[in-house]
Amino acid sequence: MFVTLKDGSKMEVENGLSVINIVKKLSEGLARATLIAKVDNVVVPLDTIIENDCALEVFTFSDEIGKEAYRHTASHILAQAVLNIYPTALLAIGPSIANGFYYDFDFKTPIFKEDLDKIEAEMRRIIKADLPVVKSFETKTAAEKILKRLEQKYKLELLNDIPAGEDISFYKQGDFIDLCAGPHLASTGKIKAFKLTSLTGAYWRGNEKNKMLTRIYGTAFDKKADLDDYLTKLEEAKMRDHNKIGRELNMFMTDENVGQGLPLLMPKGAKTVQLLQRFVEDEEERRGYLLTKTPIMSKNNLFITSGHWDHYKDKMFVIGDEEVDDEVLALRPMTCPFQFTIYKNGLKSYRDLPIRYGETSTLFRKEASGEMHGLIRIRQFTLADGHIVCTKDQLEDEFADAVDLIHYIAKCLGLDNDITFRFSRWDPKNSEKYIGSAEDWENTETTMKNILDHLKIDYIEEWGEAAFYGPKLDVQATNVHGKEDTLFTVQVDFALAERFDMIYIDENGDKIHPLIIHRSSIGCYERTLAMLIEKYAGALPLWISAEQVKVLSLTDRTIPQVKDVVAELKKEGIRAVADIRGEKIGKKIREAQLDKTPYMLIIGDKEAEQGLVAVRHRSEGDLGTMELIAFIAKLKSEVDEKK
């Protein structure tokens, strides 16, 4: 028989060989590195027997599919180890994820981080045993009997969700068996290096109404050196975590009496957000945006019209009961219906378009408890929201201008090299999630794809991530833990203008529904603050630092001069504070550096007498003495350039 390889070449081999034996004929080294394969584009384990002509592609740990199989196998080894130590534990789910894997368990008695060591030891024993990982298929009835015998209720629930007619697969290694779609490696001994990294709580199926389970995270690599390198970077990431640094620097806090997902911005954090907000609003005004200010809540009628009530209600905070109250209100999850209402106030001509509305909006989304994280995913947040109402002919230019604004703001924040682009499309297999016809979606996505290609944007496509009313360009950034989040979006909306009966009069006097671009120029301010804290490890650029200068007295004799310098700096719009405590100057400098203050001015008797300031930078150290007027000019230049 003939096997067609990835490069198109054909290799003749005898019938009945396993995949791994075919690979050995190519290269013993490749065979040692191969983890999983595809035969005629179907993922198969390496012991699969080939009996007919086929296309064969193999994958190593350097391929994403190889990593997935490797780490998914590690998650099963974790589950087997847990059941060996805690036989009454119940299994939930255990996928591979970016940089590792996890498994969710329901333990009869709680376990703690200290218990991970003995679980790791049991995992090592399973790996050393080099147990074959065997896949089998069962009917739904047989699968149900197996899971009932194992008394695994969460797996039974997952089984019930599998549509009739779909394959039901199990993977067995030793005496451990798990309902799973795979893929997996051929044996447990293929895992070379792993580490359990953390233990946390997670609601079953991410629903806070369900039971809280125990989630054990881990990671696995094919080389110990790569594992060690990753763990070192993980420790460094923890040191840059905005949850840690932001609290240490008194930028934000949380309180159990206030609630989850409702952070309190303290003076430093609030000042930075205010600076960002002023910057964005001024830049939007310069680019022709009209400022609006709309309510934080509305009658549900508005959201029924927009479609949010049908497609987004479970993410909204609703005030009242439709079956009891005459009037039901909801906190707004987005601003668009309000700005559309403003647009409708007065007839518009084609000469009036485009109209660009911008608003700093407080929004509310009912995130599940298990999904919230620091400032990145919260229940109340502030968005630089905006909507552009335009004609079809204006769409590409307006879209390009929205992207240009995002590029400019990202560059000013130093994030321009940290962002990637995702073209988020609808999922035609789940059309009930969206409004509009398949033709509407096809036309709009084609138009948007053409725009993205004309703009030469390097993007990936992601099906099923579109808004319910149209496709979008998501501008993504990755936090220190490797999780990707959306910072900015630009969305093309073909549907809501018609739903709100928004019109303009064209050149021929006809009433036309405009197109709408939804966009955020900086996204969520709180999430942006989190990303900035992590990127700069708390040492924010001068122009957005809440405190730009600390003026330190060397002796009590120079306190009057310190106060005068602070007053002069403030008069020039520089955010300065005085440190006139009776502490040694070394301690004052150390504390200012721990506070990530960009500049320190030290005034001793000599500086006071000569009218100078001794300048120190948080990273560059001692910059020598200079006149105050020269220092002010230096700072203003740095702020203007947004270095």
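The values are calculated or read from the model by the stated rules, or taken from the named source; none is laboratory data. Predicted model, so just to flag it, every value in this text is computed and none were measured. No Cβ is skipped: glycine too gets one built from the backbone with ideal geometry, and neighbour counts run over all protein chains shown.
From the set of residues in the stretch 311-339 that are in contact (Cβ under 8 Å) with a residue 24 or more places away in the chain and in a helix (DSSP H, G or I), which is nearest to Ser369 (Cα to Cα)? Ranking the qualifying residues of the stretch 311-339, first place goes to Lys315.
Residue-by-condition table, conditions (1) on the phi > 0 side of the Ramachandran plot; (2) of a type in the set (D, E, K, R); (3) touching a Gly at 6+ places or on another chain (Cβ under 7 Å):
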site: Ser96; (1), (2), (3): no, no, no
site: Ser136; (1), (2), (3): no, no, no
site: Glu151; (1), (2), (3): yes, yes, no
site: Asp167; (1), (2), (3): no, yes, no
site: Asp175; (1), (2), (3): no, yes, no
site: Gly182; (1), (2), (3): yes, no, no
site: Thr188; (1), (2), (3): no, no, no
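Of the residues making up the stretch 455-464, those that are touching a residue at least 12 places away in the same chain (Cβ under 8 Å) and out of contact with any Asp or Glu (no Cβ under 7 Å at 6 or more places or on another chain) are Leu455, Ile457, Asp458, Tyr459, Ile460, Glu461, Glu462. The C-beta contact set for the stretch 68-80 (first residue touching a residue at least 24 places away in the same chain (Cβ under 8 Å), second residue in a helix (DSSP H, G or I), distance under 6 angstrom, 6+ apart or interchain) comprises Ile77/Met123; Ile77/Ile126; Ile77/Thr188; Gln80/Ile126.
Which numbered condition trips up Ala121, out of (1) farther than 21 Å from Leu213 by Cα; (2) under 31 Å from the mean Cα position of the chain (by Cα)? Unmet for Ala121, out of (1) farther than 21 Å from Leu213 by Cα; (2) under 31 Å from the mean Cα position of the chain (by Cα): (2). What about Asp595, is it free of Cβ contacts under 8 Å to residues at least 24 places away in the same chain, within 30 Å of Glu236 (Cβ to Cβ) and of a type in the set (Asp, Glu)? So Asp595 does not fit the description; no.
Here's the yes/no breakdown for (1) closer than 24 Å to Phe170 by Cβ; (2) hydrophobic (A, V, I, L, M, F, W, C):
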residue	(1), (2)
Cys54	no, yes
Phe61	no, yes
Ala74	yes, yes
Ile77	yes, yes
Ile93	yes, yes
Asp104	yes, no
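Filtered by the rule that a residue be of a type in the set (A, V, I, L, M) and either touching a strand residue (DSSP E or B) at 6+ places or on another chain (Cβ under 6 Å) or part of a helix (DSSP H, G or I) (or both), the stretch 110-126 gives Leu116, Ile119, Ala121, Met123, Ile126. Per this entry, Ser62 is counted among residues that are modelled with pLDDT of 90 or more, small (Gly, Ala, Ser) and farther than 20 Å from Cys180 by Cα.
Go through the stretch 485-511 residue by residue and tally those that are surrounded by fewer than 16 Cβ atoms within 10 Å (Cβ to Cβ) and either within 23 Å of Ser437 (Cα to Cα) or touching a residue at least 12 places away in the same chain (Cβ under 8 Å) (or both).
Matching residues across the stretch 485-511 total 6.
Taking only the stretch 595-633 into account, find how many residues are out of contact with any Pro (no Cβ under 6 Å at 6 or more places or on another chain) and outside any strand (DSSP E or B). Residues meeting the conditions: 20. Note on the stretch 111-122: among residues that are modelled with pLDDT of 95 or more and in contact with a Leu (Cβ under 6 Å, 6 or more places away or on another chain), the one that is surrounded by the fewest Cβ atoms within 10 Å (Cβ to Cβ) is Glu120.
Under the condition of being of a type in the set (Val, Ile, Thr) and assigned to a loop (DSSP other than H, G, I, E, B), the residues counted in the stretch 279-310 number 3.
Yes or no, residue by residue, for (1) surrounded by fewer than 14 Cβ atoms within 10 Å (Cβ to Cβ); (2) part of a helix (DSSP H, G or I); (3) out of contact with any helix residue (DSSP H, G or I) (no Cβ under 7 Å at 6 or more places or on another chain); (4) on the phi > 0 side of the Ramachandran plot:
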{"position": "Asn21", "(1), (2), (3), (4)": "no, yes, yes, no"}
{"position": "Leu46", "(1), (2), (3), (4)": "no, no, no, no"}
{"position": "Leu56", "(1), (2), (3), (4)": "no, no, no, no"}
{"position": "Phe61", "(1), (2), (3), (4)": "no, no, no, no"}
{"position": "Gly66", "(1), (2), (3), (4)": "no, yes, yes, no"}
{"position": "Thr88", "(1), (2), (3), (4)": "yes, no, yes, no"}
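Considering only residues in the stretch 61-106 that are charged (D, E, K, R) and under 18 Å from Ile119 (Cβ atoms), the one that is farthest from the chain's Cα centre (by Cα) turns out to be Asp106. Scanning for something at pLDDT 90 or above, part of a loop (DSSP other than H, G, I, E, B), of a type in the set (S, T, N, Q) and not assigned by TED's automatic domain parsing to the domain that holds Tyr103, does the stretch 235-250 turn up at least one residue? There is at least one residue in the stretch 235-250 that is at pLDDT 90 or above, part of a loop (DSSP other than H, G, I, E, B), of a type in the set (S, T, N, Q) and not assigned by TED's automatic domain parsing to the domain that holds Tyr103.
Of all residues in the stretch 95-109, those that are assigned to a loop (DSSP other than H, G, I, E, B) have Cβ atoms under 8 Å from Cβ atoms of residues that are among the aromatic types (Phe, Trp, Tyr), 6 or more apart or on another chain, in Pro95/Phe101; Pro95/Tyr102; Asn99/Tyr230; Phe107/Tyr86; Lys108/Tyr86.
Restricting attention to the stretch 420-474, the residues that are surrounded by fewer than 19 Cβ atoms within 10 Å (Cβ to Cβ), assigned to a loop (DSSP other than H, G, I, E, B) and either within 22 Å of the chain's Cα centre (by Cα) or among the basic types (Lys, Arg) (or both) total 7.
Flag: Ala330 does not match the condition of being under 27 Å from the mean Cα position of the chain (by Cα), farther than 28 Å from Gly470 by Cα and not hydroxyl-bearing (Ser, Thr, Tyr). Comparison of Glu114, Glu157, Glu120, Glu144 shows that the only residue that is closer than 27 Å to Leu46 by Cα and of a type in the set (D, E, K, R) is Glu120. Inside the stretch 192-211, residues that are in contact with a helix residue (DSSP H, G or I) (Cβ under 8 Å, 6 or more places away or on another chain) and under 18 Å from Ala98 (Cβ atoms) make up a count of 8. Within the stretch 132-160, the set of residues being buried (at least 18 other Cβ atoms within 10 Å of the Cβ) and charged (D, E, K, R) comprises Lys155 only. The single condition among (1) in contact (Cβ under 8 Å) with a residue 12 or more places away in the chain; (2) closer than 26 Å to Lys366 by Cα; (3) among the hydroxyl-bearing types (Ser, Thr, Tyr); (4) outside the structural domain of Ala74 (by TED's automatic domain parsing) that Thr214 does not satisfy is (4).
Please verify whether Asp161 is charged (D, E, K, R), modelled with pLDDT of 90 or more, assigned by TED's automatic domain parsing to the domain that holds Thr88 and out of contact with any Asp or Glu (no Cβ under 9 Å at 6 or more places or on another chain), treating the condition exactly as stated.
Details: charged (D, E, K, R): yes; modelled with pLDDT of 90 or more: no; assigned by TED's automatic domain parsing to the domain that holds Thr88: yes; out of contact with any Asp or Glu (no Cβ under 9 Å at 6 or more places or on another chain): yes.
For Asp161, the condition - charged (D, E, K, R), modelled with pLDDT of 90 or more, assigned by TED's automatic domain parsing to the domain that holds Thr88 and out of contact with any Asp or Glu (no Cβ under 9 Å at 6 or more places or on another chain) - is not met.
The sole residue among Leu347, Leu415, Leu405 that is assigned by TED's automatic domain parsing to the domain that holds Tyr525, part of a loop (DSSP other than H, G, I, E, B), under 27 Å from Thr272 (Cβ atoms) and in contact (Cβ under 8 Å) with a residue 24 or more places away in the chain is Leu415.
Contact map, the stretch 33-56: residues that are in the same structural domain as Asn21 (by TED's automatic domain parsing) paired with residues that are among the acidic types (Asp, Glu), Cβ distance under 7 Å, separation 6+ or inter-chain. Pairs shown: Ala37/Glu57; Lys38/Glu57; Cys54/Asp40; Ala55/Asp40.
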